Each structure stands twice: as structure tokens, then as C-alpha cells.
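Okay, so here's the structure we're looking at.
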Amino acid sequence: MAAKAFKHIIVGGGVSAGYAAREFAKQGVKPGELAIISKEAVAPYERPALSKAYLFPEGAARLPGFNVCVGSGGERLLAEWYAEKGISLILSTEIVKADLASKALISAAGETFNYQTLMIATGSTVIRLTDFGVQGADAKNILYLREVDDADKLIEAIKAKKNGKAVVVGGGYIGLELSAVLKLNNLDVTMVYPEPWCMPRLFTSGIAAFYEGYYANKGIQIIKGTVAVGFNSNADGEVKEVKLKDGRVLEADIVVVGVGGRPLTTLFKGQVEEEKGGIKTDGFFKTSVPDVYAVGDVATFPLKLYNELRRVEHVDHSRKSAEQAVKAIFASEEGKSTEEYDYLPFFYSRAFDLSWQFYGDNVGDTVLFGDNNPTTPKAKFGSFWIKDGKVVGAFLEGGTPEENKAIAKVAKVQPPAESLEQLAKEGLAFASKI
């Protein structure tokens, strides 16, 4: 079959692709010049909704309601928007081979797509227990969450196992958000994770104690310090028990696994320079191969603020890196210069009526401020991270928009900290005077 040729191709149809498309349109891309190739069947959407509002028992979000770019307060880009702009949205199409030397991509159906510039926005895939050969991990109703199809399977299971028992494997982002939403759906929820507290990559023990206490008060059982080593199923092949390493056996009608993700870079292995598990880029998201850019989860880029290379898996960076790469593509075409990416790491989560934000770097000493008692209604508390006498990171639960802006400013400015005791005493007041 004849090859299709585009000036620009984005491979991957997630958050980065949608925000890149908006920026391409803003920069004046001409009809027919840009294609997005996605293995999903729908236009790019705001992925965070899948572990939150999409699963609500009432008033749930549905597509196209959370297509990009609504997550950052922008216009909702429906499939029609891409058509109006002359952007080819090539859906349900998986690229199985990339030849960067000849600027060609080949799909599972054998189609060839040629490009002049390529943006790699393939994102991450979930780590599955079957990858490690966990016994019985292929049983029905052992579910994962990455794409809208996964969320639909989870909704079906919740309906089929009404008021049943759910076991959530993993104590990170997905584990915490899904445990909350399963509880809202009136399931009996148990969380299992090997670490001494939840979200250990970000939370201190003091922060985690609040969320673990809050979840326990909501009736969620938490089992720490052990892992799922096997599953038993019934005659229909549906999961019925989770076997833990410590010998316990938990009843389960549904198991949801959230044990992390890995960037999808396999297509480009050996063709492009890699570092820290991702594709190495500069501050404009250019890779080691001319005319090839990498954004979002797959990019290992120079984090200017800390003068080091980092790979960041979060929706905020997915959006901003995509926009930055498009600006760089147009600047280089026009022989102009553009600012290097200067990113302040930002993470957030919402579950039940809780909402936290974190900015900066979680290294060094920590102080806890405010009231982190899980029984306090509308609790407000936070943490600062202090390294080399400067405040480099800030976390806040229950903050107002103004307070969240104040902690972001602290992380960006990195003000000196006189003493940890003083910082703990001042808390939010310290942030508001920066």
C-alpha cells in the first residue's frame, strides 16, 4: 500500500499529543501537514480523569467531556476540531516499527507513514503482574488502569460485583486514587503494598500517616510490608482470592493493580540516545537524532532548576513539554531562538474530599506544619524540604488557590531557611511572605 506522508507526525495519542496539536494550530500549521497516530480509538483526553471522575458512582465524567485541553482550563478539542484544522487524527493504529534513519513509521496493518519531523509522545504502559510470572495473575477481574478501555472494564466489574470485595495492589498514586473511588462505589476495599507507608516516592512518614489514617476512617483496610504472590480463581476463571507473601489470604471479587509504569521507548531502542530510562533530549526536547523530538513520560530532559537530567511522569509536564517542543520546531524552521524549558516539578492528587499539591524537589531535611490529624474536618497541613539551607520543596493538603501559588513560589525561589523549628512554627505564613 502507498505510503502516507506528512510534514509532522506525533506518535502517541495521549495528553502530550493533544496539547502539541493545539500549539501546532496556534503556530500556524497548515492543513494536511500534521498527523497524530494513536492506538487508542478516541481523540486525546485528560488521562487523570480515569482514576477520578470517570469512576464516580453518580455524575461520572464521560468522553468527550474530558478531551484535552479542559484539564488546564483550555478549550475542549473534539475530533471535529482536528478535522477543521486539517490535522489527521489516525486512530486505532499501532505503530510497530520506527526507522528514524529513513523517517518512516510502519503500523501493525502494514501501512507506512513518512515524516519530516517526528514527535515521540508514546507515554507509559502499566507494569503488569503477569510480566513477573505471578501465579494466577491472568485471572478475570484482575484489572489495570491506563486507558479509557481499562476504565470501562473496571466500571463493568464494579457493576457485576456490586458491594463486593476489592483488593488494590500498590500504594502509590493509582492505588490511593482508586481505593477512594472503589469505596465511593460501596465496595469493601483493602490496599496492599510492600513499603512502610503509602506514596513513599514523595510522602514523608508524617504526610503518609494522615492519608492512611483518613482512609482507615473511611473503612479502607491497609496492609503494609507485604506483596501479592499469587491469585486463586473460581470455576469461571474469575479471581476469588489474593495470596500474600506473609501467608495471609484475602477474599477478592475485583483486584486492581497499580504498581507503576514504564516508558514506551522500545520502538526507538538503538536508534536514539537514552538516559535514566527515557529518551535523552535537550531543553527543547530535541533528541540525538535530527528532526526527532521526545516529550512527556518518555523524555529525559535537563531540569534547569536543579541542573540535572530528569524524567518526569506527570500530566503537567506532559502538557508543557509538548508545547515547548512545538515552539522549538517552529523557531528552528524560522531561524529564531526560543527559551529553554525551565520546569518546576508539580504533582497533585484528589481523592474523597482531599486535595494536595507538591512543588519542587523532595530531598533533604523535612518539617511538617499544620494539623495532620486525620479526624480533623477539612485538615490543612504541609511539609517543606530543606537542602543546603534552602527550601527546595513544598507540599500542602487542603490549600486555597492562593496558598498553592505561595508554596509553588517557595519551591521556585528556594528561600533560605533560618532553622527547621522556626519553619515548622511559621508553616504557611513562611510561604505567604516570599
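I'd like to compare 315-328, 380-393: which one has the highest average count of other Cβ atoms within 10 Å, and what's the full order after that? Intermediate results must be reported in sequence, preceding the final value.
Numbers: 315-328: 24.4, 380-393: 20.0.
Going by the mean number of other Cβ atoms within 10 Å, highest first, we get 315-328, 380-393.
Cross-link candidates for Lys378: which aspartates and glutamates have Cα within less than 16 Å, leaving aside residues fewer than 8 places away along the same chain?
Hits, sequence-local ones excluded: Glu212, Asp353, Glu397, Glu403.
Based solely on its DSSP helices, what 222 nm [θ] is calculated for the chain when runs of n ≥ 4 H residues each add -39,500 (n - 2.57) and the sum is averaged over all residues, nearest 500 deg cm²/dmol?
Values: 9 runs with 101 residues, N = 434.
Calculated mean residue ellipticity at 222 nm is -7000 deg cm²/dmol.
Past the 24 angstrom mark, what percentage of all C-alpha to C-alpha distances in segment 107-241 do you count?
So the pairs more than 24 Å apart make up 40 percent of the total in segment 107-241.
Rounded to the nearest percent, how much of the accessible area of the chain (1.4 Å probe, protein heavy atoms only) is carbon and sulfur? It would help to have the intermediate numbers written out before the result.
Values: 9290 of 18760 Å².
Reported share for carbon and sulfur atoms: 50 percent.
Only Cα pairs within less than 10 Å get springs; with that Gaussian network setup on the chain, which residue of Ala252, Ala139, Ala17 has the largest fluctuation?
So, out of Ala252, Ala139, Ala17, the one fluctuating most is Ala139.
What ranking, highest mean first, results for peptides 71-80, 293-302 when packing means the other Cβ atoms within 10 Å averaged over each residue?
Highest mean packing first, the order is 293-302, 71-80.
Would you please give the residues with an amide H less than 5 Å from that of Ala60, counting only those at least 5 places away or on a separate chain, with H modeled from the backbone geometry?
Residues meeting the amide H criterion: none.
Would you kindly derive the ³J(HN,Hα) couplings of segment 402-419 from the backbone phi angles with the Karplus curve 6.51 cos²θ - 1.76 cosθ + 1.60 (θ = phi - 60°), listing them in order in whole Hz, with x for Gly and Pro?
The phi angles translate into 5, 5, 5, 5, 5, 6, 4, 5, 4, 5, 6, 6, 6, x, x, 10, 4, 8 Hz.
When DSSP assigns beta bridges and you keep just the ones with both residues in segment 129-259, what percent turn out antiparallel, to the nearest 5?
30 percent
Between Asp291 and Tyr348, what length in nm is gained on full extension when 0.36 nm per residue of separation is reduced by their alpha carbon distance?
Stretched out fully, the Asp291 to Tyr348 stretch lengthens by 17.2 nm.
Using the Karplus curve 6.51 cos²θ - 1.76 cosθ + 1.60 with θ = phi - 60°, work out ³J(HN,Hα) for each residue of segment 363-375 in order, rounded to whole Hz, and write x for Gly and Pro.
For segment 363-375, the Karplus-derived couplings read 10, x, 7, 10, 10, 9, 10, x, 10, 9, 7, x, 8 Hz, x marking Gly and Pro.
Read through the labelled values [x] 22.2; [y] 23.1; [z] 27.9 and report the label of the one computed as Kirkwood radius over Cα pairs in Å from the structure.
[y]
Per residue, how large is the accessible surface of the chain? Use a 1.4 angstrom probe and give square angstrom.
In whole numbers, the chain has 43 Å² accessible per residue.
Can you list residues whose amide H is under 5 Å from Ser233's amide H, if they're 5+ apart or on another chain and H is modeled 1.01 Å from N?
Those qualifying (amide H under 5 Å, at least 5 residues apart or on another chain) are Lys240.
Restricting to the chain, what percent of DSSP beta bridges are antiparallel, rounded to 5?
Just about 60 percent of them are antiparallel.
Output the pairs from Lys39/Lys243; Lys304/Lys390; Lys218/Lys320; Lys97/Lys327; Lys218/Lys433; Lys304/Lys387 with a Cα-Cα distance over 25 Å in this structure; if there are none, say none. List each step's numbers first, then the result.
Working: Lys39/Lys243 34 Å; Lys304/Lys390 17 Å; Lys218/Lys320 36 Å; Lys97/Lys327 27 Å; Lys218/Lys433 36 Å; Lys304/Lys387 17 Å.
Those over the limit are Lys39/Lys243; Lys218/Lys320; Lys97/Lys327; Lys218/Lys433.
I'd like the distance separating the alpha-carbon centroids of segment 262-319 and segment 43-96, in whole Å.
Cα centroid to Cα centroid, the span is 24 Å.
Based on the alpha-carbon gyration tensor of segment 13-84, what equivalent-ellipsoid semi-axes (square roots of 5 times the eigenvalues) come out, in whole Å, largest first?
24, 12, 10
For segment 154-193 and segment 363-418, write down the distance between their C-alpha centroids in whole Å.
30 Å
The values are calculated or read from the model by the stated rules, or taken from the named source; none is laboratory data. Note that the structure is predicted; figures quoted are calculated from it, not measured. Backbone-built Cβ (ideal geometry, glycine too); neighbour counts: all protein chains shown. Quick note on the areas: whole protein, heavy atoms, side chains included, nothing else; ligands and nucleic acids left out. Shrake-Rupley method; radii C 1.70, N 1.55, O 1.52, S 1.80 Å.
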